[in-house]
1. Taking 0.36 nm per residue of sequence separation and subtracting the Cα-Cα distance, how much length would be gained by fully extending the chain between N75 and Q89, in nm to one decimal?
2. In whole Å, largest first, what are the principal axis extents of the Cα atoms in the range 1-116?
3. Report relative contact order for the chain in percent, whole number only (criteria: Cα-Cα under 8 Å, sequence separation at least 6).
4. Write down Rg/Rh for the chain, rounded to two decimals, with Rg from the C-alpha atoms and Rh from the Kirkwood relation over Cα pairs.
5. Quick check: net charge around N74, other residues with Cβ under 15 Å of its Cβ, Lys/Arg +1 and Asp/Glu -1?
6. Once fully extended, how much extra length lies between K12 and A111, figured as 0.36 nm per residue of separation less the alpha-carbon to alpha-carbon distance?
7. Can you tell me the accessible area per residue over the range 1-130, all protein chains present, probe 1.4 angstrom, in square angstrom?
8. Over 17 Å apart: what share of the alpha carbon pairs of the range 75-122 falls there, rounded to a whole percent?
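The values are calculated or read from the model by the stated rules, or taken from the named source; none is laboratory data. Small disclaimer: the values here were computed from a predicted structure and weren't measured. Here the Cβ positions follow ideal geometry from the backbone for every residue, glycine too, while neighbour counts run over all protein chains shown. Ligands, DNA and RNA are stripped out before the accessible areas are found, and what is left, the full protein with its side chains, is counted by its heavy atoms. Shrake-Rupley method; radii C 1.70, N 1.55, O 1.52, S 1.80 Å.
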Amino acid sequence: MTINVLLVEDQKLIRVGLKSLFEGQEEIIVSSEAQSGKEAVEKFKISHPNVVVMDIGLPDISGIEATKRILELNNKAKVIILTSHLSEQEIIDALHAGACAYVMKDISTDALKMIIKTVDQGAMWLDPQVVPILREKNCGVIPPRQMSRAMFKEQHANLTQREYEVLKLVVDGLSNNEIAQELTISEHTAKAHVCNIIQKLVVDDRTQAAVKALKEGLV
């Protein structure tokens, strides 16, 4: 099934560049475009896209406000914030507004395509640069849930103590190499632990593992 995308970006050069990423594809197509927040809301009403890819800095209302208005029209709408802004408040406001993903513009083409597909399927995705900010502030975007060690073992008995240690470092945003140095293990072993964690938590990647860990109070 084709994923129809509404692309919201005020800078024409960036908008054209993003649109070109999906040309010739059947899985994802940019079916409509908008240059402002208000236009995005109007285009959403008309085109009913599967996914909205939204910039924050727009000339009239912000991408965050546009996201709120779109979610008011359809509370099942799927909005991906694609931005160069790493402001703590904007991250929190965007997720409170109902965005399914917060993605930095330096992301790779393949990763963006993957995010669009997973968000369309109902997943949430946070850029690795965003996770530590939310974890530190814990501002209610990802609700805290205190879990005792006994409860943790009961609910996640298949996660070993070492994997739990690795998971905490994944949440902190460490790479496989950094995890290896922190735990005095080889990078290959660190990568294997991360792969096992992803499988055991039934998620698609390390970022989703971190998000799940935060949501469920695992760390």
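1. Values: separation 14, 0.36 × 14 = 5.04 nm, distance 2.23 nm.
Gain in length upon complete extension: 2.8 nm.
2. Reported extents, whole Å, longest axis first: 36, 30, 24.
3. Once normalised by length, the contact order is 15 percent.
4. Working: Rg = 18.5 Å, Rh = 18.4 Å.
So for the chain, dividing Rg by the Kirkwood Rh gives 1.01.
5. Result for the neighbourhood of N74: +3.
6. On the way: separation 99, 0.36 × 99 = 35.64 nm, distance 2.21 nm.
33.4 nm is the gain from fully extending K12 to A111.
7. Numbers: 6070 Å² over 130 residues.
Spelled out: the 1.4 Å probe surface of the range 1-130, per residue, equals 47 Å².
8. Values: 372 of 1128 pairs.
Here the long-distance tail beyond 17 Å is 33 percent of all Cα pairs in the range 75-122.
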